[in-house]
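The values are calculated or read from the model by the stated rules, or taken from the named source; none is laboratory data. None of these values were measured; they are calculated from a predicted model. Ideal geometry is used to build each Cβ from the backbone, glycine not excepted, and the neighbour counts take in all protein chains shown.
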Amino acid sequence: MGKIVILTGAGISAESGLGTFRDEGGLWAQHRVEDVATPEGFSRNPALVHDFYNARRVQAAKAKPNAAHEALARLQKNYPGEVVIVTQNVDSLHEAGGASNVIHMHGTLAGALCAACDHRWPAPPQMAVGETCPACAAPTARPDVVWFGEMPYQMDVIYDHLAEATLFAAIGTSGQVYPAAAFVYEAMQSGAHTVELNLEPSTGAASFDEVILGPATETVPRWIEGLLNRR
Ligand code: BV8
């Protein structure tokens, strides 16, 4: 049985009430990326960055997984082959929806990182400027998320999965952020069938074998029932 690799983006959490980045009124309409999602922005104004992530941490803690998150967990449980979920999202809704071994390539709101010694620990609900690291006591705590210009996490593991994929699906992502936006090409190289499930066609839609349009809570459960019944 083949390996299924699934990449998700902010669109899969939209119907759980979490803002996307590039939709109308999205996160990047309210904040300049350079100010809140880059290391330079953090060193320039750490309070602004902590405010940005504190607000999202509060939102994410209140959000509930939706039918799309739950359908992916069902696929992991019932599909005889391996199902790998790689997410660009920093919320924990895949895990809350029952998924396991989710690869958070852009980090998580739930994590804190020491910029001085690389120690990681569970983030408090609200982080403040000058928060100290529990390991080295330096006042250099930051959200454990991957900012622009920083290397996404577990890239070697992700490329190994893509090399073995027989089916690749991108769900709820605009395909504008690299290296995630190029995963479909890696999957194509391995001969995988590629599917995009999105509210509207992403920038890279033409590269996919199949494009299924609609809200994730409708398209994902239907797509997965089809996969499980076709076995
Ligand atoms: C890096 C922080 C290199 C966490 C984020 C070429 C190659 C490599 C890099 C680059 C390159 N070109 C440019 C770069 C640099 C840069 C980049 O890609 N820039 C872009 C803007 C051009 N990439 C980087 O800097 C990356 N790092 O490459 O490092 C390196 C090499 C060596 C050594 C060191 C470094 C780091 C990228 C990560 C940046 N961090 N966020 C956070 O705050 O969340 S990016 C941010 O965008 C989020 O992580 C988010 O997940 C990600 C992608 O956005 P999407 O998830 O796609 O969300 P978006 O709003 O865009 O789209 C939503 C979609 O959902 C839409 O299509 C919409 O239609 C759909 N939708 C809406 N509602 C629904 C729905 N679909 C279904 N149902 C619905 N209901």
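One table, with the values for the structure above:
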| quantity | calculated |
| --- | --- |
| Residue count for region 130-143, restricted to those that are more than 13 Å from the ligand (Cβ to nearest atom) and surrounded by 18 or more Cβ atoms within 10 Å (Cβ to Cβ) | 3 |
| Residue match in region 150-166 (condition: away from the ligand (no atom under 16 Å from the Cβ), of a type in the set (V, I, T), modelled with pLDDT of 95 or more and in a loop (DSSP other than H, G, I, E, B)) | no |
| Candidates L167, L162, L199 - the one that is touching a Pro at 6+ places or on another chain (Cβ under 7 Å) and not assigned by TED's automatic domain parsing to the domain that holds P39 | L199 |
| Matching residues, region 171-204, being near the ligand (Cβ under 8 Å from one of its atoms) and either on the phi > 0 side of the Ramachandran plot or in contact (Cβ under 8 Å) with a residue 60 or more places away in the chain (or both) | I171, G172, T173, S174, G175, Q176, V177, A180, N198, L199 |
| Residue ID - farthest from the ligand (Cβ to nearest atom), chosen from residues in region 84-108 that are more than 12 Å from T8 (Cβ to Cβ) and surrounded by 18 or more Cβ atoms within 10 Å (Cβ to Cβ) | E95 |
| Qualifying residue in region 57-67 (condition: more than 14 Å from the ligand (Cβ to nearest atom), in a loop (DSSP other than H, G, I, E, B) and either of a type in the set (D, E, K, R) or not assigned by TED's automatic domain parsing to the domain that holds T140 (or both)) | yes |
| Restricting region 144-185 to residues that are β-branched (V, I, T) and farther than 28 Å from M127 by Cβ, the residue that is surrounded by the most Cβ atoms within 10 Å (Cβ to Cβ) | V184 |
| Some residue of region 84-92 being part of a helix (DSSP H, G or I), charged (D, E, K, R), assigned by TED's automatic domain parsing to the domain that holds L197 and out of contact with any Lys or Arg (no Cβ under 6 Å at 6 or more places or on another chain) | no |
